[in-house]
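To start, the structure itself, in structure tokens.
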Amino acid sequence: MVHAGPAKWGGMAFTSFHFGAFVAVVLGAYYLPPLRRFQVQLLVLASVFFYGFGQPELLPLLLVAVLGTYLCLVLAFENRAPWMPAGIVFNLSLLAFFKYKLLFVDAASAQLTGVAPVDFLLRLPLPIGISFFVFHNISLLVDLTREKRPPRLRDVFLYIIFFPQLVSGPITRAAQFMPQIAPKRLGDVAFVEAAKWILTGYFFKLYVANNLNEITAYMDYPLYETLRTQDRWLLVFLYSYQIYADFFGYSAIALGLGLLFGYRLPVNFNLPYISASFSEFWTRWHISLSSWLKTYLYVPLGGNRKGPVRTGLNLMIVMTLGGLWHGASLSYALWGMLHGLLLVIERPFLKHLEDAGPLVRIVRMGVVFLCVTMLWIFFKLPNFDHATAYLKGMFIATDMPNPPKLFYNLALLYTLPVIIQHVSIGALIERRLRRWEPYLYGALAALAFLEAGPDSAFIYFQF
Amino acid sequence: MQDSAPSWLVRCAVASAALLLAWYLATARFGPALQQPAVTTRDGSLITLNRYAREPTPDVVLVGSSVMWRLKEEYFSLPRVRNLALAGGSPVTSLEILTKRRNLPKIILIETNVLTRTPNAALIEKFSSGMSTETLLLRPVRAAVAAYETWNHAAPDPAQARAERDRLLSQPPSTFDNKVYLDRAVEQMNGDDPTAPTRANAALIGTLIDDMQRRGTRAFLIHIPFAPKIEDSRFVRTTRQIVHEAFPAPALWLPINPPMGELRWDDGVHLDERSSLLVVRAIESSLAERGDARRP
């Protein structure tokens, strides 16, 4: 089947030096007293620059998405019944068009429809961050149409395109973000907290994720065919750590940047790999997406209020759509579906397992981690045939001559931060060694710089 | 007591700067050229070329793609052989690097099997002339792992290498069934037309050979055997025709005659270990016939 493929981000990656310069300039201007009245406008302009730096040809699309949503929002204040659904349909259509068009057309072919404007749209690449800003738009339409009057256009712009969260979230709900829009003062900035988030984020991205990315490159087709069986297993676990470090790293940087500008974005991860159930996992992994899906999809579908069969069906629908939200691929759909299935299967047993002892909890954590990790194969290999071939090879002894040599000691050293974080040694250190905290964060920064792996795009940028 | 933000940030920055300075000094003390483990093909290329740039000029150098890369240096009984073939790369990359350096080896063997890839300009720039290829700051974790690996798996001495060669030769040819991979390789090699890039690279190689010959180096072109099905593919037939048109002089070619019945390929293209050794023996034998290899 045709796969949309990851979009290439030619713009300012969070890990680039020009992004650092960009943030420094915007931050400096943002807190200048003469510009305080224009803080929102400045952030909007900076966000437009940030987005346009990578894909200037898609700026009009971003503009259309925001203005279209705003128009529906304003009209919904007069008559909510038709205009709020219209706004949602408008946004979902944008998402569906750009994300799933490649299922039906080959954008590279010389002849498409023959109608120039349509062909132009069909040839546009997947706009970076579309999945995220479309969800922001829907949240805006649902949350704010219950208010007394529509928000200002500039505030809407800021909520949707605020650059720390524009490309990969966290998906902030309008009801959480909009009340924060107010004049900000430098003295109110939580600098230490922001620095901790930013340094932790960069450390997880540069030290853990980018280095593991080099090793897990062997999972790609056709390289995985040369792997020994035990190395296939190892790489799946490494990818599990990598995708966590990559996305947690991004989210932590976004949160820290948000704090620098006076905005508190939601925490997106809470040690997901210590979850003892799949439902707990989804309260700890990509929290902003799961809570968005719960609020705007699961609950409106009836949630768990309509009996066990309907609850199971709702879970399957939500998780499958959640999978498809990541991309137009059978692998993503199956990934979501299997997570839904696991949620349905575990549901009747949860009550009985809650009172079990710590040993049972540890076993449950192991089972959840194993299942979640195995399902990441569908993320790493969105081509369904490749994913199933990889899986199959995990259970068959291989006799391929000259398998690649993987450095297990290196793999362990690069995954160690995730393991330490999850077994809460970090929290212990934080309590016992509080006075050494700035030095520890300084050491993290130095290590992230010295041992940074080769630059690679954030995994979630493609969604 | 809660630290003030400026104090916290200053201490954090000072700790970071102090560590970076300490590591800079440690790198200068222990040698920036310390070899680090190659976890990727790109790493492997950098290590290979770093080693060439650092060590005295060898007598024989091999350049090519992953096909030539399989011929390990320790398979050669000749001393001072360096394999600068780049897996996934073009022979032109290594050739350009060689010609831009002050000293050239006596003999260069150029693989002509895969000539469709463009030369790697970044590598050529990095390793050309006497430019320093050393880094200011080693990566601490990789350096530590490299030190451990070097200690744990030291390079074989000549006696060990000879024993390993004997062990490989005493084994029967592999019985690994490569049909799936071979079929796929055949399909790929009957796909795209290699004419344009191969002609361009053949022309480049011709220019570089002229330059090297003027400076006293002997350059030989060589074709490493593929599996028979691959030899019949469009890719190989076209490539062979182009390079033989570009280099018609028999003196430029190093013909080799390994025992074809004993050669095995992982995928029809890349020789397995034992077969690589057999091909190395054939190369050494051919060089000996020409009386080139051991000539001072």
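Quick note: the coordinates plus some simple rules give every number you see, no bench work behind them. Source: prediction; values computed, not measured. Note that we place each Cβ from the backbone using ideal geometry, even for glycine, and neighbour counts take in every protein chain shown.
Most mobile of B:LEU98, B:LEU84, B:LEU169 per a Gaussian network model of chain B (Cα springs, under 10 Å)?
The residue that fluctuates most here is B:LEU169.
Hey, what did the stretch B:197-290 get for relative contact order, percent, Cα under 8 Å, at least 6 apart?
It rounds to 29 percent for the stretch B:197-290.
So, R0 is 45 Å and r is the distance between the beta-carbons of B:GLN188 and A:ALA116; what FRET efficiency does that work out to, to 0.05?
0.80
What ranking do A:VAL48, A:VAL66 get, fewest neighbouring Cβ atoms within 10 angstrom at the top?
Sorted ascending by nearby Cβ count, the order is A:VAL48, A:VAL66.
If you consider only alpha-carbon coordinates, what radius of gyration and Dmax does chain B have, in Å?
Taking only Cα atoms of chain B, I get Rg and Dmax of 22.5, 84 Å.
Residue by residue through the stretch B:60-74, which ³J(HN,Hα) values in whole Hz follow from phi under the Karplus form 6.51 cos²θ - 1.76 cosθ + 1.60 (θ = phi - 60°), with glycine and proline marked x?
For the stretch B:60-74, the Karplus-derived couplings read 10, 10, 10, 10, x, 9, 4, 5, 6, 4, 5, 7, 5, 4, 6 Hz, x marking Gly and Pro.
B:ALA227: net charge of surrounding residues, Cβ under 12 Å, Lys/Arg +1, Asp/Glu -1, itself excluded?
-3
Among A:PRO179, A:VAL208, A:ALA116, which residue has its Cα furthest toward the positive end of the charge dipole of chain A, with +1 on Lys/Arg Cβ and -1 on Asp/Glu Cβ?
Of the listed residues, the answer is A:PRO179.
Just to be sure I understand the model, the point goes 7 Å from the Cα along the line to the Cβ. What's the resulting B:ALA5 to B:LEU21 distance in nm?
For B:ALA5 paired with B:LEU21, the spin-label model returns 2.7 nm.
How large is Rg over Rh for chain A, taking Rg from the Cα atoms and Rh as the Kirkwood inverse mean of 1/r across Cα pairs?
Dividing the radius of gyration by the Kirkwood radius yields 0.96.
Mind listing the long-range amide H neighbours of A:HIS286? Cut-off is under 5 Å, sequence gap 5 or more, other chains count too, H placed in the peptide plane at 1.01 Å from N.
For A:HIS286, no residues qualify.
Need one value for A:410-416: mean number of C-beta atoms belonging to other chains within 10 Å of its residues' C-beta atoms.
Per residue, the average neighbour count from other chains is 3.
If contacts are Cα pairs under 8 angstrom and at least 6 residues apart, what is the relative contact order of chain A in percent?
21
Which order do A:PHE269, A:PHE163, A:PHE49 fall in if you start with the one that has the fewest other Cβ atoms within 10 Å?
A:PHE49, A:PHE269, A:PHE163
Separation between the A:ALA217 and B:LEU169 pseudo-spin-labels, each 7 Å from Cα along Cα→Cβ, expressed in nm?
Placing both labels 7 Å along Cα→Cβ, they lie 3.7 nm apart.
In nanometres, what is the gap between the two model label sites at B:ARG214 and A:VAL105, each 7 Å from Cα along Cα-to-Cβ?
Reported label-point gap for B:ARG214 and A:VAL105 is 5.5 nm.
In angstroms, what radius of gyration and Dmax does the stretch A:1-102 have, counting Cα atoms only?
Cα only, the stretch A:1-102: 17.7, 56 Å (Rg, Dmax).
With a Förster radius of 56 Å, plug the Cβ-Cβ distance of B:SER77 and A:VAL64 into 1/(1 + (r/R0)^6) and report the FRET value to the nearest 0.05.
Between B:SER77 and A:VAL64 the formula returns 0.20.
Say we join alpha carbon atoms closer than 10 Å with springs in a Gaussian network model of chain B; which of B:SER16, B:SER45, B:SER276 then has the biggest fluctuation?
B:SER16
Tell me the net charge near B:GLY206. Cut-off is 12 Å between Cβ atoms, B:GLY206 excluded, with +1 for each Lys or Arg and -1 for each Asp or Glu.
Neighbourhood net charge equals -2.
I need A:PHE17, A:PHE98, B:PHE176, A:PHE449 ordered by Cβ neighbour count within 10 Å, fewest first.
Fewest to most other Cβ atoms nearby, the residues stand as A:PHE17, B:PHE176, A:PHE449, A:PHE98.
Per DSSP helix of 4 or more residues, -39500 (n - 2.57); summed, then divided by the residues of chain A. What does that give at 222 nm, rounded to the nearest 500?
When only DSSP H runs of four or more count, the value is -19000 deg cm²/dmol.
Can you work out the PRE-style zone for B:THR195? Point 7 Å along Cα to Cβ, and I want the residues of the stretch B:219-252 with backbone N under 20 Å.
Answer for the stretch B:219-252: B:232-248.
Tell me the net charge near A:GLY303. Cut-off is 11 Å between Cβ atoms, A:GLY303 excluded, with +1 for each Lys or Arg and -1 for each Asp or Glu.
The answer is +4.
Full-extension gain between A:ARG435 and A:ARG284, please, as 0.36 nm times their residue separation minus the C-alpha to C-alpha distance.
Using 0.36 nm per residue and subtracting the Cα-Cα distance, I get 51.4 nm.
May I ask for the distance between the Cα centers of the stretch A:138-211 and the stretch B:65-81, given as a whole number of Å?
56
In deg cm²/dmol and to the nearest 500, what is the mean residue ellipticity at 222 nm of chain B if only DSSP H runs of at least 4 residues count, each as -39500 (n - 2.57), divided by the residue total?
-16500 deg cm²/dmol
Mind pulling up the Rg/Rh value for the stretch A:117-164? Radius of gyration and Kirkwood radius, both on Cα.
1.11
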